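The structure appears right after this line, and notes come after that.
The values are calculated or read from the model by the stated rules, or taken from the named source; none is laboratory data. Because the structure is predicted, anything quoted here is derived from the model rather than measured. Because the Cβ atoms are built from the backbone with ideal geometry, glycine has one as well, and the counts that use them run over all protein chains shown. In case anyone asks, the SASA skips ligands and DNA or RNA and just uses the protein heavy atoms, side chains included. Shrake-Rupley method; radii C 1.70, N 1.55, O 1.52, S 1.80 Å.
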Amino acid sequence: MPERNTPQKTLESWKQIASYLDRSERTVRRWEANEGLPVHRREHEKQDTVFAFKHEIEAWSSSRTKCPEPFSAYDLGTGNLPAPQPANAYLAEHDAITRTMHCYIAGARAGEGDVMRAAFHPSATISGYCQAVEYTGSIEHVFKWINENGPAPNIIPRFARIEIIESIAIVHLEVQHWSGKLAGADARASDVFTLLKWNGEWKITHKLFHWHDR
């Protein structure tokens, strides 16, 4: 595990994040919106501020360097996810979890439940609320919903939190601009996933969700 984050290990603005990546602020904002660049927000009364941890930025950059296309590492034919081999053990696990979540996001964009199936444990479950109605049950309900909803190519996912505790992990994912036959247009969802390292791979065991009212 890396050392505890300190101010020296934290980037406190879009300008600092852009400088650290040697890119323009416009580029890093686009990467955060479309490609999962791990940027966090602090809520304030008038306007949120952003910050990022250097080790998370480095992990993201490392995974992107090895896989230039966001989902090219995912083999749609076999459902296999390639094993990363960075030197730092924490970053290896972080990258593997990110790839698992990219598999989920790819299925959501394509409107194909079978595309995201490889991200989940066979016994995975769901629970949450959509339009004030509670849904609980097998993950198969999600796959069925994804197929019926169809493609949502314009969704914007943002990793709000990734926490790793040995063989378990928690991922908080915010998704904006979800569309489709069932979602309608411009829907927003908050998801919290629990993951388990199962047979050497990170798999989602539970999806906790809330669909926000428009």
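Just a few scattered comments:
- Within the range 121-140, the residues that satisfy the criterion of being assigned to a strand (DSSP E or B) and of a type in the set (A, V, I, L, M) are Ala124, Ile126, Val133.
A quick yes/no check of all residues on (1) open to solvent by less than 30 Å² (accessible area, probe 1.4 Å); (2) within 26 Å of Arg42 (Cβ to Cβ):
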site	(1), (2)
Ala89	no, no
Val115	yes, no
Ser123	no, no
Gly128	yes, yes
Ala132	no, no
Glu148	no, no
Ala187	yes, yes
Ser190	yes, yes
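- Residues located in the range 103-120, provided they are part of a loop (DSSP other than H, G, I, E, B) and touching a strand residue (DSSP E or B) at 6+ places or on another chain (Cβ under 8 Å): Gly111, Ala119
- Top-ranked residue of the range 151-182 - restricted to ones that are open to solvent by less than 10 Å² (accessible area, probe 1.4 Å) and not in a strand (DSSP E or B), ranked as nearest to Arg29 (Cα to Cα): Ile155
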